[in-house]
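A quick write-up on the structure given underneath.
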Amino acid sequence: MTNIVLQLTEADIARVVQRYQSDQVHRQAPGVIFAAKLPDTAITVYKSGKVMFQGIGASREVAHFQAENIAIKKSSTAKGDTLPEQFAALSVLGSDETGTGDYFGPMTVAAVYIPADQIELVQELGVKDSKQLTDDYMRQIAPSLKKACVHSTLILRNEKYNQLQAKGYSQGKMKAMMHNQALKHVLRKIAPEKPDYILIDQFAERGIYYNYLKNEKEIIRENVLFSTKAENLHVAVATASILARYAFLKEMDQLSEQIGLAVPKGASAKVDQIAAQILTKFGEETLKAMTKWHFANTEKAKKKCKKY
Ligand code: MN
């Protein structure tokens with residue numbers, strides 16, 4: 001289903017209301033000042049000036065207003081789906097990933113189910129605003145979160161990552177496959193219970209996400225919502241983000257221990273430096289097994305290393 005949210009001026013909202021007057025429906029929801037329903041599109045106007053078009057006819061309806069030259073400014077805050085009212089208080093299965101921009105270390109994805117009656121507990125265990133979460137803090141709280149919550153954490157080590165990458169898999173496709181897999185695991189664990197919604201921290205538009213999954217046997221689609229910054233919208237995603245990060249950090253610890261050198265996060269010049277040291281000391285196979293080999297860091301490290 002397509003969801004398009006526009007931020008409109010008062011004058012333009014009047015035109016929206018006028019256009020859909022004859023299709024008006026009554027919707028008693030906070031903040032809603034007008035709602036209409038066409039056979040294939042629902043239109044909701046909010047007091048805030050946001051207008052939401054939902055359904056397979058959404059693009060067509062929006063195109064109509066664009067043709068009329070309405071000063072449409074796509075809402076910048078709500079990238080992704082508009083969530084139901086009181087979303088933060090619902091039972092949600094959330095997923096998030098980490099390690100995608102790091103040269104060293106795996107890509108990790110976690111999916112976590114937090115039913116409504118567990119939200120307070122999770123907050124009690126230390127899940128809070130993502131800006132306040134340092135790696136050290138996440139290391140502290142992750143073990144008790146893992147015990148308290150139904151979750152699935154997947155780790156894609158770089159040996160496998162590099163194989164998939166060489167086969168032509170994009171990072172987006174790998175991510176989508178991991179999210180789908182982790183969600184599937186958790187749904188299986190909690191069955192027959194079902195979450196009210198599934199929320200994926202958005203890394204790709206819905207259509208692109210499902211296109212990545214088109215060859216999968218089992219694709220999770222029911223009640224799936226996407227949003228950027230989803231960790232601030234429900235504790236399930238916030239917890240997923242912590243567990244994914246924790247798995248990544250533990251893997252980084254292991255790599256560091258394995259080569260007797262602290263492997264750095266990210267993909268900066270510091271990373272090139274350490275990569276060059278590993279090349280010199282252990283050779284290419286060792287470095288390749290612990291890095292996302294197609295990153296530009298590989299060539300930079302080779303240039304720094306006298307052997308190449
Ligand atoms: Mn994310």
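Can you give me the C-alpha center-to-center distance between the range 14-71 and the range 187-228, rounded to a whole angstrom?
27 Å
Per 5 Å bin from zero, what fraction in whole % of the C-alpha pairs of the range 49-178 is there, up to the bin with the longest pair?
With a bin width of 5 Å, the distribution comes to 2, 7, 12, 15, 13, 14, 13, 11, 8, 4, 1, 0.
Return the tail of the calculated pair distribution for the chain, meaning the percent of Cα-Cα pairs more than 34 Å apart. If you can, show how the numbers build up before the last one.
Values: 16647 of 47278 pairs.
Everything past 34 Å amounts to 35 percent.
How many nm separate the modelled label positions at Lys167 and Ser59, each set 7 Å beyond the Cα in the direction of the Cβ?
Inter-label distance under the simple model: 3.0 nm.
Specify whether the C-alpha gyration tensor of the range 185-308 places it in the rounded, prolate or oblate class, a ≥ b ≥ c being the square roots of the eigenvalues: rounded for a/c under 1.5, otherwise prolate if a/b is larger than b/c and oblate if not. Don't jump to the answer; show the numbers that get you there.
Values: a/c = 2.69, a/b = 2.25, b/c = 1.20.
Judged from the Cα gyration tensor, the range 185-308 comes out prolate (a/c at least 1.5, a/b above b/c).
For the range 87-253, what class follows from the C-alpha gyration tensor (a ≥ b ≥ c being the square roots of its eigenvalues): rounded when a/c is under 1.5, otherwise prolate if a/b is larger than b/c, else oblate? Before the final figure, lay out the partial values.
On the way: a/c = 1.81, a/b = 1.19, b/c = 1.52.
Oblate.
Kindly flag which residue pairs out of Lys146/Lys173; Lys147/Lys184; Lys79/Lys304; Lys194/Lys214 have an alpha-carbon separation exceeding 30 Å in this structure. Kindly include the intermediate steps, with their values, before the conclusion.
On the way: Lys146/Lys173 27 Å; Lys147/Lys184 19 Å; Lys79/Lys304 41 Å; Lys194/Lys214 24 Å.
Exceeds cut-off: Lys79/Lys304.
If a paramagnetic tag sat 7 Å from the Cα of Glu222 along the Cα-Cβ line, which residues of the range 103-137 would have the backbone N under 13 Å from that point?
Nothing falls inside the zone, counting backbone N under 13 Å.
On a straight-distance basis, which aspartates and glutamates could pair with Lys131 in a cross-link, Cα separation under 20 angstrom, same-chain partners fewer than 8 positions away excluded?
Filter leaves Asp96, Glu97, Asp102, Glu120, Asp201, Glu231.
Per residue, how many Å² of accessible area does the range 3-76 show with a 1.4 Å probe? Numbers along the way, then the final one.
On the way: 4160 Å² over 74 residues.
Counting only protein heavy atoms, the per-residue value for the range 3-76 is 56 Å².
Quick one: grab Rg to one decimal and Dmax as a whole number for the range 160-242, Cα atoms only, in Å.
That works out to 13.3, 39 Å for Rg and Dmax.
Computing the accessible area with a 1.4 Å probe over protein heavy atoms, can you report the carbon and sulfur percentage for the chain?
Values: 7730 of 15570 Å².
That fraction is 50 percent.
To the nearest 20 Debye, how big is the dipole of the chain about its Cα centre, given +1 on the beta carbon of each Lys and Arg and -1 on that of each Asp and Glu?
Charge dipole of the chain: 1060 debye, to the nearest 20.
Starting from the Cα of Lys160, step 7 Å along the direction of its Cβ; do the same at Glu124; then give the gap between the two resulting points in nm.
In this crude label model, Lys160 to Glu124 measures out at 3.5 nm.
Label point 7 Å out from Lys79 along Cα-to-Cβ: which residues of the range 258-273 have amide N under 11 Å?
Within reach of a label on Lys79, which here means backbone N under 11 Å from a point 7 Å along Cα→Cβ, the range 258-273 contributes nothing.
The values are calculated or read from the model by the stated rules, or taken from the named source; none is laboratory data. Just so you know, these numbers come straight off a predicted model, no measurement behind them. All Cβ positions, even for glycine, are placed from backbone atoms using ideal geometry, and neighbour counts span all protein chains on display. Surface accessibility is based on the protein's heavy atoms, side chains included, excluding ligands, DNA and RNA. Shrake-Rupley method; radii C 1.70, N 1.55, O 1.52, S 1.80 Å.
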